[in-house]
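The values are calculated or read from the model by the stated rules, or taken from the named source; none is laboratory data. The shown structure was predicted, so the numbers you read here are calculated from the model rather than taken from an experiment. All Cβ positions, glycine included, derive from the backbone under ideal geometry; neighbour counts span all protein chains shown. To get the accessible areas, we keep the full protein, side chains included, count just its heavy atoms, and leave off ligands, DNA and RNA. Shrake-Rupley method; radii C 1.70, N 1.55, O 1.52, S 1.80 Å.
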Amino acid sequence: ETALTLVYVVWGSTYLGIRIVVQTMPPFLSAGARFLSAGLILAGVVAWRYGPSALRVTRAQLGSTLLVGLLLVLGGNGLVVLAETSVPSGLAALLVAAVPMWVVVLRAVTGDRPPARTLAGVLVGLCGMGVLTSPGLSGEVRLSGVLLVVAGSVTWALGSFSAGRLPLPGNPFTGSVYQMLWGGAAQVLVGLARGEQHGLDPASFSTASWLALGYLVLIGSVVGFTSYAWLLQAAPLSLVATYAYVNPVVAVALGALVLDEPLTLPIVLGGLIVVAAVGVIVSTERRK
């Protein structure tokens, strides 16, 4: 319950943190620094708590952490960070709330037959997604940013879906260390490939961005991501997925309060539809 509560509250606040970071910092390089720092901190904690041998993994486990790390950290997180350079944090969180819908779609594609009620929830959720993308279609926000968030949520769903089917380290904290290090390193490489290092001036980074980055490292990654990785291995995915309809509520409220992000009709209406649809999906899955 503690881990689930942390994922509920902490991750809802990370969208605001990301938005503040990318106001003055390059997206992929800052995200890479976040996850590399968090991975190294967590490695130290694991070695201290369980002994250095706890960080030993097999080649198969290392390969699995690479794949999951690339899907969750580089794809899922990285695309959302890039999108938040042009998309409000609350809207990004509402679009990411659709992750459980994509998990259902992946299950259906791989031969599982979700209940009719679950599929109905997915259809309703897609309608909500349609309403949520309208700010991009009308030009209020960049459509490219909206599509990046959707792509990131699909990638995140693929990573979450894969995590339960791959040979990951028995200690979920060890798994988190490698996932964050692989994903963080990949984010740095993407940032360098995009040329984010050119003209980089750390003196121009705002105090708010530095504080937000520190918060994302310690609270968002070390606490939040680790709690999520532990839950993926210790709890049913249907229960873990409940974070998806708590996070956006926290994110929208914080975005409006701290950054004065507008609560437009498409965001409120689309958000309510998506959150309700996800609620139907998760409650149906938990009954199974």
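The slack between W210 and A253, meaning 0.36 nm per residue of separation minus the straight C-alpha distance, is 13.3 nm.
Pairs of Cα atoms under 8 Å, at least six residues apart: use those to get the relative contact order of the stretch 1-286, whole percent. Working shown, then result.
Working: 454 pairs, mean separation 117.5, N = 286.
So the answer I get is 41 percent.
L6 contributes about 60 Å² of solvent-accessible surface, heavy atoms of the protein only, 1.4 Å probe. When you filter the trypsin sites (Lys or Arg not before Pro) in the stretch 1-104 for DSSP loop state and at most 16 other Cβ atoms inside 10 Å of their Cβ, you are left with R56.
A crude spin-label estimate for the pair L40 and A60, with each label 7 Å from Cα along the Cβ direction, gives 3.3 nm.
Dimensions of the chain from C-alpha coordinates, computed as largest minus smallest value along each principal axis and given longest first, are 49, 49, 32 Å. Taking all protein chains together and rolling a 1.4 Å probe, V190 ends up with roughly 50 Å² accessible.
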